[in-house]
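Quick one: this structure, given as structure tokens, is what I'll be asking you about.
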Amino acid sequence: MNHHDRGLKTKAHLIAKSLLPENQETPIHFLEEKITPRSLTFRRNHFPYPKFPIQPFFLTITGSVKNPLIFHYSQITSMPSQTITALLECSGNKRAHFEPKVFGDQWKEGALSQGNWKGVPLSYLLSLTEVNTGAREIVFLGDDSGVKDGQHVHFQRSLPLEKALDQHVIVAWEHNQKPLSPKHGFPFRLIVPGWYGMASVKWLKTIHVINHSFSGPFQTDDYVYYPHKSEDKDSFPVTTNRVNSIIQHPLDRQILKPGKHEITGLAWTGEGVITSVEISVDNGVTWKAASLHNPTQKYQWVKWSISHVFEKNHESTVKVRAFDSTGQSQPDQAFWNRKGYGHNQVSQIKVQIEN
Ligand SMILES: Nc1nc2c(c(=O)[nH]1)N[C@H]1C(S)=C(S)[C@@H](COP(=O)(O)O)O[C@H]1N2
Ligand SMILES: [Mo]
């Protein structure tokens, strides 16, 4: 009798990094579906969860606009909507793999999930308020707050006006056909496809249009690439997802029976689409093309696979690199930066083959 016969259901859970604030990653080998179930969607928070808002829920648009407006939940949710399938990847994903090591949450590969997001295009909301000429950035204020570097601050981020007007940037109220869960931003969150997760502000309360550039701590201190260990020169902001991939099967350090095995995984990028995925089983000397499954779509990962015959009594290093339509590919060596963002080095696992 196996455990199913006794009604004992075994299921995957998130992998905890910290609980206050809650930071948990997705076990990547269980990302089998195009849409990550809500229960397996990674969670990344800077502060404890905001108090569950007391009804009614409002969203305010103010600042450099002709008509500042306050929208009620029911007004927003009856606006012309759009549903987008998009992945979110934390810019700290794979931070644990940096050499030399960097400080911060030691995410492995699972600060990554893909969902269905329903919402109203931000550009539509901004067309109702009308943005003043001279407007440069849109600032998004989340309802969560706490102390950072001695200051009490909210989680706040901005987008340049041009990106904010991109038709795929939405103020979402549904995740996988249900109202957003309290942990993922209820009642509203911004979804910025193609940008690392920090841009997709949860518990969105206020949208503020400004004529200058925003300099909050999550804009100009965190989420900045600092290429040098002890000086800030050459820094630049974290924006679009870099081309990246993961190997889901086999697992790193798995022991395999000799013979044919399917090597599978995901690949994605921020701008453009994935054009090819290559694999090497001889430590990067020769590369073969993997097959891409679902048609590659913008803002979504593509599944890839390739089969390989592993010889007995042998250790093998499997490497994978993805290429996108903008000409980017995964580098042999990650671009090291002090805060550990955007790790997208060629993916690698080691397997051992039984006798
Ligand atoms: N208000 C608010 N929004 C936020 C954050 C946050 O801490 N507070 N974290 C950001 C970061 S860094 C990421 S990667 C994503 C994670 O979204 P998720 O927890 O829904 O997976 O939310 C972003 N939006
Ligand atoms: Mo993030």
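The values are calculated or read from the model by the stated rules, or taken from the named source; none is laboratory data. In this text the structure is predicted, and so the values were computed from the model without any measurement. Here Cβ is always computed from backbone atoms with ideal geometry, including for glycine, and neighbour counts include all displayed protein chains. SASA here: full protein model, heavy atoms, side chains in, ligands and nucleic acids out. Shrake-Rupley method; radii C 1.70, N 1.55, O 1.52, S 1.80 Å.
Which of the residues belonging to the stretch 84-142 are in a helix (DSSP H, G or I) and either under 24 Å from GLY340 (Cα atoms) or of a type in the set (Lys, Arg) (or both)?
Within the stretch 84-142, ARG95, ALA96, HIS97 qualify.
Another question about this same structure. Looking at GLY142, GLY110, GLY146, which is the one that is touching a Lys or Arg at 6+ places or on another chain (Cβ under 8 Å), within 15 Å of ligand 1 (Cβ to nearest atom) and in contact (Cβ under 8 Å) with a residue 24 or more places away in the chain?
Sole residue among the options that is touching a Lys or Arg at 6+ places or on another chain (Cβ under 8 Å), within 15 Å of ligand 1 (Cβ to nearest atom) and in contact (Cβ under 8 Å) with a residue 24 or more places away in the chain: GLY142.
Another question, then. Conditions: (1) more than 19 Å from ALA86 (Cβ to Cβ); (2) open to solvent by 40 Å² or more (accessible area, probe 1.4 Å). LYS178 meets all but one. Number of the miss?
Against the list (1) more than 19 Å from ALA86 (Cβ to Cβ); (2) open to solvent by 40 Å² or more (accessible area, probe 1.4 Å), LYS178 comes up short only on (1).
Checking the condition in a strand (DSSP E or B), closer than 20 Å to THR36 by Cα, at pLDDT 95 or above and within 16 Å of ligand 2 (Cβ to nearest atom), which residue from LEU159, LEU190 passes? Walk me through it before giving the result.
Numbers: LEU159 fails: closer than 20 Å to THR36 by Cα.
Every option except LEU190 fails the conditions.
Restricted to the stretch 35-57, and to residues that are at pLDDT 95 or above and open to solvent by 50 Å² or more (accessible area, probe 1.4 Å), which residue is nearest to the chain's Cα centre (by Cα)?
So, considering only residues that are at pLDDT 95 or above and open to solvent by 50 Å² or more (accessible area, probe 1.4 Å), the one nearest to the chain's Cα centre (by Cα) is ARG44.
Output the qualifying pairs, or none if there are none: Cβ atoms under 8 angstrom, residues six or more apart or on different chains, first residue in the stretch 191-211 and more than 6 Å from ligand 1 (Cβ to nearest atom), second residue part of a helix (DSSP H, G or I) and not aliphatic (A, V, I, L, M).
Hits for this filter: VAL192/LYS163; TRP195/LYS163; VAL209/THR129.
Sticking with this structure for a sec: Sort out which residues of the stretch 322-355 are in a strand (DSSP E or B) and out of contact with any Pro (no Cβ under 6 Å at 6 or more places or on another chain), and write them in order of number. Spell out how you get there, then give the answer.
Quick first cut of the stretch 322-355, residues in a strand (DSSP E or B) only: 322-324, 329, 347-353.
Within the stretch 322-355, ALA322, PHE323, ASP324, SER329, SER347, GLN348, ILE349, LYS350, GLN352 meet the criteria.
Taking into account only those residues within the stretch 198-232 that are surrounded by fewer than 22 Cβ atoms within 10 Å (Cβ to Cβ) and among the small types (Gly, Ala, Ser), which is farthest from ligand 2 (Cβ to nearest atom)?
Applying the filter and picking the extreme gives SER230.
Only residues that are open to solvent by 60 Å² or more (accessible area, probe 1.4 Å) and acidic (Asp, Glu): list them for the stretch 261-281, please. Quick ask: steps written out before the conclusion?
In the first step, residues of the stretch 261-281 are kept if they are open to solvent by 60 Å² or more (accessible area, probe 1.4 Å); the result is 262, 271, 275.
Selection gives GLU262, GLU271.
Follow-up. Determine whether ARG95 is within 13 Å of ligand 1 (Cβ to nearest atom) and more than 29 Å from PRO53 (Cβ to Cβ). If you could, list the steps in order and put the result at the bottom.
Working: within 13 Å of ligand 1 (Cβ to nearest atom): yes; more than 29 Å from PRO53 (Cβ to Cβ): yes.
Here the answer is yes, as ARG95 does meet what is asked.
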